[in-house]
1. Can you run phi through the Karplus equation (6.51, -1.76, 1.60; θ = phi - 60°) for the range 104-121 and list ³J(HN,Hα) in whole Hz, with x for Gly and Pro?
2. Using a cut-off of 11 Å between beta-carbons, work out the net charge of the residues near residue 184 (Lys and Arg +1, Asp and Glu -1, residue 184 not included).
3. State the extension gain, in nm to one decimal, for the chain segment bounded by residue 62 and residue 198, taking 0.36 nm per residue of separation less the distance between their alpha-carbons.
4. With 10 angstrom as the radius, rank 42, 117 by how many other C-beta atoms surround their C-beta, starting from the fewest.
5. Pairs of Cα atoms under 8 Å, at least six residues apart: use those to get the relative contact order of the range 84-159, whole percent.
6. Can you give the extra length, in nm with one decimal, that the chain gains between residue 139 and residue 41 once fully stretched, where that is 0.36 nm per residue apart less the Cα-Cα distance?
7. Sorted from fewest to most neighbouring beta carbons within 10 Å, what does the list 177, 65, 97 look like?
8. Apply the Karplus parameterisation 6.51 cos²θ - 1.76 cosθ + 1.60, with θ equal to phi minus 60°, to every residue of the range 154-166 and state each ³J(HN,Hα) to the nearest whole Hz, in sequence, with x for glycine and proline.
Amino acid sequence: MKPVVKALAVGLIAAGVGVAVGRMLAPQPKPIPTEPLGKLQYGNELFAKGKLLPPPVDEMTRYTLETEGQKPFAIVVSCSDSRVPPELIFNQGLGQLFVVRVVGNIINEENLASIEYAVEHLKAPLIVVLGHTQCGAVKAAVSGKHLEGHLPHLIEHIAPAVRYVRSTHPHLKDEALVERVIQENVRYVIQNIYQRSAIVRKHYELGKLEFAGGVYHLREGKVEWLKLPEMLSGNPAGGKPKGEARNAHH
Ligand SMILES: [Zn+2]
């Protein structure tokens with residue numbers, strides 16, 4: 001190529017003309033997200049449409065995970081309900097999600113420690129708290145009915161969200177009340193994880209950890225993503241907790 005022509009070609013490419021021409025010729029397919037929350041949202045879209053892609057569960061994946069260890073890209077705190085398996089509804093395979101499941105997607109010392117392990121030692125960059133419609137634990141907490149065995153202990157964790165919704169939305173009843181508590185319980189759990197774990201706060205403040213909260217709708221198969229609690233609305237990554245809430249640790 002003659003120097004002048006070469007310079008012109010380089011100039012054109014530098015100006016982005018080459019890229020623009022390429023785009024005009026072939027329509028670009030929507031790129032598959034590569035950041036953690038985007039991957040979950042994309043996976044859930046596929047699931048809801050019944051277009052699951054085969055997740056990595058093959059022999060090679062198992063070998064790599066065994067020899068190199070796990071590096072999950074998200075921690076999912078969800079209910080044990082058999083209708084809400086995180087790997088399926090987000091279309092993920094082995095080694096991708098670090099799942100903490102307990103009825104009512106509540107936080108206790110043991111699952112807080114599980115989250116801390118995944119944040120500190122596995123460097124998982126996203127915590128998702130996932131509630132779901134028709135959650136039996138939330139319904140029980142709202143109804144206030146007598147329960148046997150260890151159940152009252154578990155339901156007690158949902159009581160603050162029930163009290164909060166009853167005081168802020170006194171007009172809500174039945175289904176609407178349960179729906180709202182399901183959402184507030186997700187926010188309450190996110191807030192709890194943040195306030196109770198110094199490890200989580202450290203990674204969040206370094207911009208290495210994000211939060212997301214959602215409610216999975218059983219019939220539609222879709223996750224409705226929620227607005228985060230005020231103190232974390234500086235998300236995504238790099239965002240600092242805002243204002244007074246920063247000092248609200250206990
Ligand atoms: Zn549930």
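1. Couplings: x, 6, 8, 10, 10, 4, 5, 7, 5, 5, 4, 5, 4, 4, 5, 6, 6, 9 Hz.
2. Values: positive: 163, 166, 180, 187; negative: 179.
With Lys, Arg at +1 and Asp, Glu at -1, the neighbours total +3.
3. Working: separation 136, 0.36 × 136 = 48.96 nm, distance 3.30 nm.
Once the chain is fully extended between residue 62 and residue 198, it gains 45.7 nm.
4. On the way: 42 18, 117 15.
Ranked by crowding around the Cβ, least crowded first: 117, 42.
5. Values: 37 pairs, mean separation 25.4, N = 76.
Answer for the range 84-159 is 33 percent.
6. On the way: separation 98, 0.36 × 98 = 35.28 nm, distance 2.69 nm.
Gain in length upon complete extension: 32.6 nm.
7. Ascending number of Cβ neighbours within 10 Å: 65, 177, 97.
8. 6, 4, 4, 5, 8, 3, x, 5, 5, 4, 4, 5, 4
None of the figures in this text is laboratory data; all of them are computed from the coordinates on show. Since this is a predicted model, take the numbers as computed values, not measurements. Ideal geometry is used to build each Cβ from the backbone, glycine not excepted, and the neighbour counts take in all protein chains shown.
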